[in-house]
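K.L.:
Quick one: this structure, given as structure tokens, is what I'll be asking you about.
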């Protein structure tokens, strides 16, 4: 039927088709092997990549803990504010929405510029912030006009509110948005990328940041290729930060701030048994609320340029020569060393000669014969020169150290300074010079190298007032209050003598703070004034008569200080007031301290005493 | 008796009755093809996140239409196809020229011709037309003819003409498929292997020259194919995401409609060329390997039909069409797996698209026609010869 040539080519064709089938089976095997490789061998890798593709983990902001004062008054709370955001894809004409928005709430050029920038860079479904910090009223107004504002959403936003404003800003602190520097410091913390995340900056907001901040919620969402959230896969709600109750009494805090008025300085009031700080004021102050939002440059400059340094918490950060307040320490040292006895009188001629140098008393022609109590009462300088000369620097330093000079307190606030308790060894290493008797004499009246913070002075006075017990100061109200119980090792009689001297300063005619004495149903205050020079008085000036304080420029005037405790019979509270460049302590700081102490005693009458001495 | 009946058919096969044709139709083969189509419709349903719209329902309508075409084509006498093979080829060429002159541009290439009622892609039609023409050409050639170079010039030109027109569109994938299909036909009809080697060596020598003729996007595709990780957000995005989609399926897959890559649109145009990855993601290695095996069975069935066919024209036609189908499979799957550059070849019977489905069914109709007329003896000029 068929010719041989036909058989021949069919034979070839069949052979070639078989070869083709072989090639195809091989190719199919290659495909299946490749499939096996991608899906089984490398499957895990691709599964992870797919998972990474489709999921986005977003953190949700936790609510920060509330800060209360000791009576439950809110010092820092969370306040709901509203912000308007625009989602462009929801409207055909977002420009119309923007124009209508501006008819209701005007926008400034800076904002318009920012919005234009965001519109350019963000995808259509990403919300663009139009305006934040809207009041409830404004938000309601926008809601009412919703039909003209297609694509506009009102979002709730939590901000921090400080009801006391400037009155407690240093101690409570503030929270603020992150700077680029914060981001650099902790680049792996995803919380920092969250819009609206704020961290504590100073005061308690900073030192208790970890307890206040809470735990962020985690929201795992499924996203599509364009980055849009499709649904929530998992959600862990954020947990609120811990509420903190402070030992601060907001009423006193307000009172003290108001009483300080225009003066720059610090006030510390504390419970001498528990170490609880009732008041910590530094003036001038600033409104904490200003810092929770980006600060306008003008406001910032005003704060920075103020020579009275509003940002500084002078109570813990200000270092002052304690001046005559330090005489309490020297008196105690003299008594402890046995050089001074209650009856022993020392003569003050108005100056003390050391080699060819004269050390002057503040009273030109001297105090004549004085007991230790009288020396404190009049704040005689020569008396303490004499004591210091006799007992030596080491004894003074030892007592000062026991009372906490040169040592940080337990408040744990950032920015706290240690002050400086100088020593021969310190002088040798820092000034390459030997300690001289002149240094000892300067130290004895709280001048020279010695510096201390108001909080340290307050601790020293409180430890004298409580009978020489070691005090741990605190700002945080704790249910199990640790009452001071460990003695610092002073003789009770010696402590009493120093306290008597402080009593006389206020309550005996001629005392440096006699003007500010008060008697609230038998409750009196005992204290010690101090005026410390911030400039050297030259020999020439001393001869021609020391220039009156109010004739000097503000920054050359003496610092006025007053340290006190009350009531004398049953001491409970200690106070330190520092008025920078206030002139004399008796004229500037003492009246303020007296007023504040009276307020303290009014608020805490003895029958409702927070802690009675056993 | 039955032998006699067979014999009778053999002698008078040009007079096969309609009933005979229905009887001789290969239903197993049709069943295999339809199952792949149904798998495809299921994946399209899933790719649209569980909706018949916009792809699955329309694909089903196209399937019905194509099925009609298949049945019609298979019932046409094989000799008629041989008789008009060159005419069909000529029409294909004219359509390609029409595309070059009047075609409309889509996705950067001029491939479609609007005929008023249908958007025709002549390059798809050309695949069938060229195979038909070549089958006819070799029907009457002897081995010595085939071994002579002059004799091979016309079929070579038959291939080169449409390939050049398609390259101008430009459509590298289809052009390559035509070249490979022609090569396979040359191979089975008996062209010596050394000639293939010479061509292969010559072409590789010309690659630098060819490179300069490629469009930038084609160059980009080849470069991206060589190293997709280089440009993960740009041109490499497709290949990377394709591999992720595929690989993340694992052994058993994420389950029907549970794909994440596809549902969340990480793969653009997943319903067309990258549909295989959706199947792989949802049904894993088992699912995708099964589909590949199904394809292999269809391919082997095509070769089986060529073995069963008596006429040389039918044999070559069945082989050519089967190779064409196999090329779709290899190129598409190789492409989504990152074995080949992205050249825009759909997954046959599965990818969403009308012309490809129609052309494939036309091809299967021709194979069915070959099977129905398997015992027919066709003379040199297409007539019944009593040799």
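The values are calculated or read from the model by the stated rules, or taken from the named source; none is laboratory data. As the structure is a computational prediction, the values presented were derived from the model and not from experiment. When we count neighbours, we look across all protein chains shown, and the Cβ atoms used for this are built from the backbone with ideal geometry, even at glycine.
K.L.:
Based on this model, can you work out whether residue B:362 counts as away from chain A (no Cβ under 14 Å) and in a helix (DSSP H, G or I)? Full working, then the answer.
P.N.:
Numbers: away from chain A (no Cβ under 14 Å): yes; in a helix (DSSP H, G or I): yes.
In short, yes.
K.L.:
Determine whether the range B:232-240 contains at least one residue that is within 16 Å of residue A:47 (Cβ to Cβ) and modelled with pLDDT of 75 or more.
P.N.:
yes
K.L.:
Which of the following residues is surrounded by 16 or more Cβ atoms within 10 Å (Cβ to Cβ) and within 21 Å of residue B:255 (Cβ to Cβ): B:88, B:33, B:39?
P.N.:
Values: B:88 fails: within 21 Å of residue B:255 (Cβ to Cβ); B:33 fails: within 21 Å of residue B:255 (Cβ to Cβ).
On inspection, the qualifying residue turns out to be B:39.
K.L.:
Kindly evaluate residue B:325 against the criterion of being touching a residue at least 24 places away in the same chain (Cβ under 8 Å) and within 20 Å of residue B:184 (Cβ to Cβ).
P.N.:
On the way: touching a residue at least 24 places away in the same chain (Cβ under 8 Å): yes; within 20 Å of residue B:184 (Cβ to Cβ): yes.
For residue B:325, the condition - touching a residue at least 24 places away in the same chain (Cβ under 8 Å) and within 20 Å of residue B:184 (Cβ to Cβ) - is met.
K.L.:
So residue B:249 passes all but one of these: (1) free of Cβ contacts under 8 Å to residues at least 60 places away in the same chain; (2) within 9 Å of chain A (Cβ to nearest Cβ); (3) within 17 Å of residue B:50 (Cα to Cα); (4) in a loop (DSSP other than H, G, I, E, B). Which condition number does it fail?
P.N.:
All conditions are met except number (3).
K.L.:
Now, a different point. Is the range B:168-182 home to any residue that is in a helix (DSSP H, G or I), buried (at least 17 other Cβ atoms within 10 Å of the Cβ) and within 14 Å of chain A (Cβ to nearest Cβ)?
P.N.:
The answer is yes; a qualifying residue exists.
K.L.:
Out of A:92, A:81, report the one residue that is within 30 Å of residue A:165 (Cβ to Cβ) and away from chain B (no Cβ under 14 Å). Quick ask: steps written out before the conclusion?
P.N.:
Numbers: A:92 fails: within 30 Å of residue A:165 (Cβ to Cβ).
Step by step, each of A:92, A:81 is checked, and only A:81 is within 30 Å of residue A:165 (Cβ to Cβ) and away from chain B (no Cβ under 14 Å).
K.L.:
Looking only at the range A:443-460, count how many residues are within 17 Å of residue A:396 (Cβ to Cβ) and part of a helix (DSSP H, G or I).
P.N.:
In the first step, residues of the range A:443-460 are kept if they are within 17 Å of residue A:396 (Cβ to Cβ); the result is A:443-452, A:456-457, A:460.
Keeping just the survivors that are part of a helix (DSSP H, G or I) gives A:443-444, A:456-457, A:460.
Of the residues in that region, 5 qualify.
K.L.:
Shifting gears a bit: Out of the range A:275-284, which residues are part of a loop (DSSP other than H, G, I, E, B) and crowded, with 22+ Cβ neighbours inside 10 Å? Steps first, answer last, please.
P.N.:
The initial filter retains those residues of the range A:275-284 that are part of a loop (DSSP other than H, G, I, E, B), namely A:275, A:284.
Within the range A:275-284, just A:275 meets the criteria.
K.L.:
Please go through the range B:266-298 and pick out each residue that is crowded, with 20+ Cβ neighbours inside 10 Å, facing chain A (nearest Cβ under 10 Å) and not in a helix (DSSP H, G or I).
P.N.:
Within the range B:266-298, B:266, B:267 meet the criteria.
K.L.:
In the range A:507-527, is there at least one residue being within 30 Å of the chain's Cα centre (by Cα), modelled with pLDDT under 95 and under 20 Å from residue A:447 (Cα atoms)?
P.N.:
The answer is yes, given that some residue of the range A:507-527 is within 30 Å of the chain's Cα centre (by Cα), modelled with pLDDT under 95 and under 20 Å from residue A:447 (Cα atoms).
K.L.:
I would also like to ask the following. Please determine whether any residue of the range A:541-548 is within 29 Å of residue A:316 (Cα to Cα) and either surrounded by 13 or more Cβ atoms within 10 Å (Cβ to Cβ) or without any contact (Cβ under 8 Å) to a residue 24 or more places away in the chain (or both). I'd like the intermediate steps shown before the answer.
P.N.:
Going through the range A:541-548, the residues within 29 Å of residue A:316 (Cα to Cα) turn out to be none.
There is no residue in the range A:541-548 that is within 29 Å of residue A:316 (Cα to Cα) and either surrounded by 13 or more Cβ atoms within 10 Å (Cβ to Cβ) or without any contact (Cβ under 8 Å) to a residue 24 or more places away in the chain (or both).
K.L.:
Considering each residue of the range B:269-304, count those that are in contact (Cβ under 8 Å) with a residue 12 or more places away in the chain and within 17 Å of the chain's Cα centre (by Cα), and give that number.
P.N.:
Within the range B:269-304, the subset in contact (Cβ under 8 Å) with a residue 12 or more places away in the chain is B:270-288, B:291-292, B:294-295, B:297-299, B:301-303.
Okay, now just the ones that are also within 17 Å of the chain's Cα centre (by Cα), so B:272-276, B:291-292, B:294-295, B:297-299, B:301-303.
So the answer is 15.
K.L.:
Would you check which residues across the range A:489-515 are part of a loop (DSSP other than H, G, I, E, B) and within 25 Å of residue A:395 (Cα to Cα) and list them?
P.N.:
Pass one, the range A:489-515, residues part of a loop (DSSP other than H, G, I, E, B): A:489-491, A:508-513.
Answer for the range A:489-515, where residues must be part of a loop (DSSP other than H, G, I, E, B) and within 25 Å of residue A:395 (Cα to Cα): A:489, A:490, A:491.
K.L.:
Further question: Are any residues in the range A:387-408 crowded, with 22+ Cβ neighbours inside 10 Å and either out of contact with any helix residue (DSSP H, G or I) (no Cβ under 9 Å at 6 or more places or on another chain) or not in a helix (DSSP H, G or I) (or both), and if so, which ones?
P.N.:
Within the range A:387-408, A:403, A:404, A:405 qualify.
K.L.:
Which of the residues that make up the range A:19-76 are under 27 Å from the mean Cα position of the chain (by Cα) and either facing another protein chain (nearest Cβ under 9 Å) or farther than 24 Å from residue A:197 by Cβ (or both)?
P.N.:
A:69, A:70, A:71, A:72, A:73
K.L.:
Okay, next question. Every residue in the range A:58-79 that is in a strand (DSSP E or B) and either in contact with a helix residue (DSSP H, G or I) (Cβ under 8 Å, 6 or more places away or on another chain) or crowded, with 20+ Cβ neighbours inside 10 Å (or both), please. Step through it out loud before you land on a result.
P.N.:
Going through the range A:58-79, the residues in a strand (DSSP E or B) turn out to be A:58-60, A:67-68, A:74-79.
Across the range A:58-79, the qualifying residues are A:59, A:67, A:75, A:76.
K.L.:
Can you tell me which residue in the range B:328-348 is surrounded by the fewest Cβ atoms within 10 Å (Cβ to Cβ), limited to those that are under 13 Å from residue B:180 (Cβ atoms) and more than 12 Å from every other protein chain (Cβ to nearest Cβ)?
P.N.:
First, the residues of the range B:328-348 that are under 13 Å from residue B:180 (Cβ atoms): B:328-331, B:334, B:340, B:343, B:345.
The next check asks that each one be more than 12 Å from every other protein chain (Cβ to nearest Cβ); those that pass are B:328, B:343, B:345.
Working: B:328: 23, B:343: 21, B:345: 25.
Once the filter is applied, the top-ranked residue is B:343.
K.L.:
Please state which of the following conditions residue B:351 fails to meet, knowing it meets all the rest: (1) farther than 24 Å from residue B:88 by Cα; (2) within 11 Å of chain A (Cβ to nearest Cβ).
P.N.:
It fails just one condition, (2).
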